[in-house]
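Since the structure comes first, as structure tokens, the remarks are kept for the end.
The numbers here are math on the coordinates, done by the rules we state, and not lab data. Note that the coordinates shown come from a computational prediction; the quantities given were computed from them, not determined experimentally. All Cβ positions, glycine included, derive from the backbone under ideal geometry; neighbour counts span all protein chains shown.
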Amino acid sequence: MSEFDLELLSDDHDRKGFRCGKVCLERYLCETAKGHLHKGVSITRVLVERNARKPKPVLGYFTLTSRVASAANWPGVTKSLPAMPVSMVLLGRMAVAEYWQGRGIARLLLAAARQIAAGSMRGAGGIGMAVDPADEELVAFYAKYGFRRVDNESLRMFLPLDSLC
Ligand SMILES: CC(C)(COP(=O)(O)OP(=O)(O)OC[C@H]1O[C@@H](n2cnc3c(N)ncnc32)[C@H](O)[C@@H]1OP(=O)(O)O)[C@@H](O)C(=O)NCCC(=O)NCCS
């Protein structure tokens, strides 16, 4: 990420100007993400160009949060997992600015998210990273990076901790 910086979302960033083509993801960044970060609900990080002037344009962002779920039958999960809900990290949202789409930014964001999630789970417990893709096209996107559907009833996908990084 030599020409980019990954930063915690703050007032340094141009949240209003972010356009990715999905209004719900634009609105979340503009209106909700900072409040969630301050309240400890979830953590949003943004990718910016190094040396960008404030308010720094957001090239892309992702949001991580902790979840518990019953995952005993999920792909890649150890067979001896207890039946009770266990901790994991949820990649709640990820989006790339329209101008930057198709230039490898999501690949960078996902690699950073995986590394951060793995570090947090190796320190505090957790079995892997889950994601809820919005549609089948995005299922194909996450499958490219090793995520697998957890069942046929939802689009939820999962990557076990050992495969994160
Ligand atoms: C989906 C999205 C995050 C991809 O970001 P991007 O920066 O354009 O993706 P990249 O350039 O890093 O592409 C990485 C790889 O994923 C593939 N890819 C990109 N978008 C894809 C899509 N919608 N479906 C399937 N594969 C996709 C690319 O072809 C590339 O494959 P390659 O490594 O084999 O060349 C971006 O288009 C976006 O923000 N869309 C709107 C918001 C959204 O849908 N977010 C997802 C929330 S779950």
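Which pairs, out of Lys22/Lys54; Lys34/Lys54; Lys34/Lys144, put more than 27 Å between their alpha-carbon atoms? Provide the component values of the computation, followed by the final result.
On the way: Lys22/Lys54 24 Å; Lys34/Lys54 17 Å; Lys34/Lys144 30 Å.
The pairs that break the limit, which is 27 Å between Cα atoms, are Lys34/Lys144.
Relative contact order for the chain: what is it in percent, counting Cα pairs under 8 Å that are at least 6 residues apart? If you can, show how the numbers build up before the last one.
On the way: 293 pairs, mean separation 31.3, N = 165.
19 percent.
If we count every other residue with Cβ under 14 angstrom of Cys165's Cβ, Lys/Arg +1 and Asp/Glu -1, where does the sum land? Before the final figure, lay out each step's value.
On the way: positive: Arg107, Arg114, Arg122; negative: Asp162.
Its environment carries a net charge of +2.
Could you bin all the Cα-Cα distances of segment 4-164 into 10 Å bins starting at 0 and give me the percent of pairs in each, rounded to whole numbers?
10, 39, 34, 14, 2, 0
What value, in deg cm²/dmol to 500, does the helix sum -39500 (n - 2.57) over DSSP H runs of n ≥ 4 give at 222 nm once divided by the residues of the chain? Let's see the in-between values first.
Details: 5 runs with 44 residues, N = 165.
Counting only the DSSP helices, I get -7500 deg cm²/dmol.
Give me the angle, in degrees from 0 to 90, between the Cα long axis of helix 105-124 and the longest principal axis of the Cα atoms of the chain, rounded to the nearest 10.
Orientation of helix 105-124: about 50 degrees from the principal axis.
Measuring from label point to label point, each 7 Å out along Cα→Cβ, what is the Val68 to Arg53 span in nm?
For Val68 paired with Arg53, the spin-label model returns 5.0 nm.
With a 10 Å cut-off between alpha carbons and a GNM built on the chain, which of Asp135, Asp151, Asp12 moves the most?
Asp135
Could you give the size of the charge dipole of segment 4-164 about its Cα centre, using +1 on the Cβ of each K and R and -1 on the Cβ of each D and E, expressed in debye and rounded to the nearest 20? Write out the running numbers ahead of the final one.
On the way: 23 positive and 16 negative charges, 58 e Å.
With only Lys, Arg, Asp and Glu charged at Cβ, the dipole is about 280 debye.
Could you check the simple spin-label distance between Ser80 and Lys144, using points 7 Å along Cα→Cβ, in nm with one decimal?
Rounded to a tenth, the inter-label distance reads 3.8 nm.
Could you work out the local net charge near Arg15, counting Lys and Arg as +1, Asp and Glu as -1, over the other residues with Cβ closer than 14 Å to its Cβ?
Numbers: positive: Lys16, Arg19, Arg27, Lys34, Arg45, Lys54, Lys56, Arg93; negative: Glu7, Asp11, Asp12, Asp14, Glu26, Glu31.
Charge balance near Arg15 sits at +2.
Using the number of other C-beta atoms within 10 angstrom as an exposure proxy, rank Ser87, Ser154, Ser80 with the fewest first. Before the final figure, lay out each step's value.
Numbers: Ser87 16, Ser154 10, Ser80 6.
Going from sparsest to densest Cβ surroundings: Ser80, Ser154, Ser87.
Tell me, how many Å apart are the Cα centres for segment 148-165 and for segment 113-142?
Cα centroid to Cα centroid, the span is 8 Å.
Quick check: pseudo-label points 7 Å beyond the Cα along Cα→Cβ at Ala134 and Ser87, how many nm apart are they?
3.1
Pick from Lys144, Lys16, Lys56 the residue whose mean-square fluctuation is largest in a GNM of the chain, springs joining Cα atoms under 10 Å.
The residue that fluctuates most here is Lys144.
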